[in-house]
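Right, one structure below, let's go through it.
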Amino acid sequence: MRMTVIGTGYLGATHAVAMAELGHEVLGVDVDQAKIDLLSAGQVPFHEPGLSELLGKHVATGAVRFTTSYEEAGAFGDVHFIGVGTPQKRNGHAADMTYVDSAVEQISRAATHDCVIAGKSTVPVGSAARLQELALTSAPSGTRVSLVWNPEFLREGHAVEDTLRPDRMVLGLEYDDAGRPTSAAQAAEAVLREVYAHQLEAGIPFIVTDYATAELVKVAANSFLAIKISFINALSEITETVGGDIRTLADAIGLDERIGRKFLNAGVGFGGGCLPKDIRALRARASELGLDQSLRFLAEVDDINLRRREYTVQLAVQECGGSLHGTQIAVLGAAFKPESDDVRDSPALDIAARLHSMGADVRLYDPQANANAAQRYPRLDYVASLDAAVTGAQVTLLLTEWREFRDMDPRHVASLVGTPTIIDGRNVLDPAAWQDAGWRYLALGRRH
Ligand SMILES: NC(=O)c1ccc[n+]([C@@H]2O[C@H](COP(=O)([O-])OP(=O)(O)OC[C@H]3O[C@@H](n4cnc5c(N)ncnc54)[C@H](O)[C@@H]3O)[C@@H](O)[C@H]2O)c1
């Protein structure tokens, strides 16, 4: 099938390449000319394992191409996926829908034939119904543009696999007043079933529902994950005071299959371009709907998460004798999670910046995210290796759990630092091994 993917960032570039891998003809569209030039040359503008090989393969055959032209896209595609950003508004907690609105309007206006728009961006509930209207009023007369919502669940670091073999797919359709899909929506569903024929044959669950449910599934999933992380981090605050082992606690409750062990790792908390803004946007939307109380607890989830950053900073201050002025601090990690170079709302980078603002000389090393981090906080000292970051350091903080950091040899690192004090912000090191190598080992969720 011929399709376009509008917005070629983390989501869109991956989706475009994955659609080509499924045998479709794909045109990626973005307003960022530099990004389009890189992608057209077969280069991925961000770090995502496995993506560059697939992009190279499909750029070479012409199965995937890239453009900044909506006219070209409107003439080319039978299906248009929308993958533009929905960041937090500058002056509030709600999602900024400017980019989605603009993309839907422009592609509808440029459509030269009947087509389906499939929204993948994470949007506030109620958006799809509004955007279907926008599409209809923007499209040339006689051209039918049907809009469906098909939220994306990929995880950065596993994006290719998650796009090709997701654990479920969700499709939101326009329903009529009787609570059934309209005939146009049924036709659009048939088109999406053709797009995802491989996944459907493989038995991947495909949940077809109304717009509101589809929109809510995405933010509900992210909110639930955020709740799990903040739950264990709230318990960290208790074990930091009374003692106890937060990792054993997580293991023990995680063995209950109703709870599960995933997303129960105590540490500096969640970040990235999704979880923080999605829980805030969901609360903001509930508030707009007059349902403030329903999701008020998400404010607490957010607060617990942000408190972990402050606590980590205070731990470093305490280890430096009450002041960071003139101290040398090694920060390991800037990305919000390993296998990604994404530093949006990253706890690691936020903590590094706060340490710097309090007078510390911060040497930061991330295996992939140094360049992105330097764009955001140019004044930190970014170094090209783990050894360079830790040499002479008074305190070392592990803030993103890259394998390179999890596998560090405590004796080797001890031979480089000024003072062997480590704050394990992700609870991934073996405390005994580090203590045996002469380290003062501190971690979130431990009493010190
Ligand atoms: N990154 C993820 O892991 C992930 C996972 C699931 C869902 N999402 C959701 O997907 C959406 C995109 O996220 P992302 O991380 O890929 O963002 P991103 O910032 O990496 O990419 C967005 C892209 O859209 C482009 N863009 C903006 N306005 C445009 C327009 N009018 N026309 C064409 N292109 C335009 C930007 O230039 C940018 O390249 C968000 O709603 C996000 O919540 C992201």
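The values are calculated or read from the model by the stated rules, or taken from the named source; none is laboratory data. None of these values were measured; they are calculated from a predicted model. Backbone-built Cβ (ideal geometry, glycine too); neighbour counts: all protein chains shown.
Structure notes:
- Which listed residue, of GLY142, GLY157, GLY179, is touching a Lys or Arg at 6+ places or on another chain (Cβ under 7 Å) and not in a helix (DSSP H, G or I): GLY157
- Any chance ILE207 is loosely packed, with under 14 Cβ neighbours inside 10 Å and touching a Leu at 6+ places or on another chain (Cβ under 9 Å): yes
- Sole exception among (1) in contact with a strand residue (DSSP E or B) (Cβ under 7 Å, 6 or more places away or on another chain); (2) within 15 Å of the ligand (Cβ to nearest atom) for VAL125, by number: (1)
- Boolean, ALA281 is without any contact (Cβ under 8 Å) to a residue 24 or more places away in the chain and either in a helix (DSSP H, G or I) or within 24 Å of the chain's Cα centre (by Cα) (or both): no
- Pairs where the first residue, in region 379-390, is free of Cβ contacts under 8 Å to residues at least 60 places away in the same chain and the second is acidic (Asp, Glu), C-beta under 9 Å, 6+ apart: ASP381/ASP361; TYR382/ASP366; LEU386/GLU404; ALA389/ASP381
- Helices (runs of 4 or more DSSP H) fully within region 1-102 counting 3 or more residues that are among the aliphatic types (A, V, I, L, M) and either away from the ligand (no atom under 15 Å from the Cβ) or touching a Leu at 6+ places or on another chain (Cβ under 6 Å) (or both): 10-21, 51-61
- Single residue of GLN132, GLN186 found to be outside the structural domain of ILE279 (by TED's automatic domain parsing), among the polar types (S, T, N, Q), away from the ligand (no atom under 16 Å from the Cβ) and within 27 Å of the chain's Cα centre (by Cα): GLN132
- For region 160-176, filtered to residues that are under 25 Å from SER340 (Cβ atoms) and in a loop (DSSP other than H, G, I, E, B), the residue that is nearest to the ligand (Cβ to nearest atom) is PRO166.
- You will find that of ALA388, ALA369, the residue that is modelled with pLDDT of 95 or more and crowded, with 19+ Cβ neighbours inside 10 Å is ALA369 and no other.
- Verdict on ILE259 being among the hydrophobic types (A, V, I, L, M, F, W, C), closer than 30 Å to ILE304 by Cα and either surrounded by fewer than 16 Cβ atoms within 10 Å (Cβ to Cβ) or over 26 Å from the mean Cα position of the chain (by Cα) (or both): yes
- The helices (runs of 4 or more DSSP H) found wholly in region 341-448 and carrying at least 2 residues that are in contact with a Phe, Trp or Tyr (Cβ under 8 Å, 6 or more places away or on another chain) and closer than 23 Å to HIS47 by Cα occupy 347-357, 370-376, 386-390.
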